[in-house]
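Data first, discussion second: the structure below is written as structure tokens.
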Amino acid sequence: MNAERRTTHARTLCRRLLCLCALLTLAFSATGCGKKGPPLPMDKPGTFTWVTAQAVPAGDGCIGFSGSLQGDMLQLDSVVIELEAVAEDANCPSCPFKPTMRRTYSAGMLGLQGESTEFMQTICVDDDAASYRWRFVARSTHRNAPYGLSTIKMMTLR
């Protein structure tokens, strides 16, 4: 009977160890590697940075804009040129940028297709402001990609 008791005890111990192993396996497989959500590519597709952004007076209240982008140009949806007229007595570079005019151009309209990374565009303004603050915004075809913003710059027409 002593041998029978040892066999029963060994079976009980074995079952408990198997249950413990199963619980540990389940616990570790549920936690995974700590990441949440679907995997994201490391190269951040659809993001853009501005290499150059320039504006010059083009005569008769018009401004000539030019710029070049860096990024996956096949994912470029559009470029927005934002302008804010600055009153003569309000030259405030630290004030919040509040564009009053936006012009949106598709990548194709600006010739930014395939390998092309540079564009030129002229905008004629209707108001009589002498100076403008402006910036470029690059929008991606990826809806979750952040906008590529140029720095806010000041430009004087006269």
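Details
- Values of log10 I(q)/I(0), in the order q = 0.14, 0.20 Å⁻¹, for region 48-156 under a Debye, Cα-only, solvent-free model: -0.54, -1.03
- Solvent accessible area, Å² - ARG103, 1.4 Å probe, full protein context: 90
- Here region 48-156 has 47 percent of its accessible surface on carbon and sulfur atoms, given a 1.4 Å probe and all protein chains in place.
- LEU149 accessible area, assembled protein chains, probe 1.4 Å, Å²: 90
- The residues CYS62, CYS95, sorted by heavy-atom accessible surface at 1.4 Å with ligands and nucleic acids left out, run CYS95, CYS62 from largest to smallest.
- Rolling a 1.4 Å probe across all protein chains gives SER106 an accessible area of roughly 50 Å².
The values are calculated or read from the model by the stated rules, or taken from the named source; none is laboratory data. Remember, it's a predicted structure, so these values are computed and weren't measured experimentally. Protein only, heavy atoms only, side chains kept; ligands, DNA and RNA dropped before computing areas. Shrake-Rupley method; radii C 1.70, N 1.55, O 1.52, S 1.80 Å.
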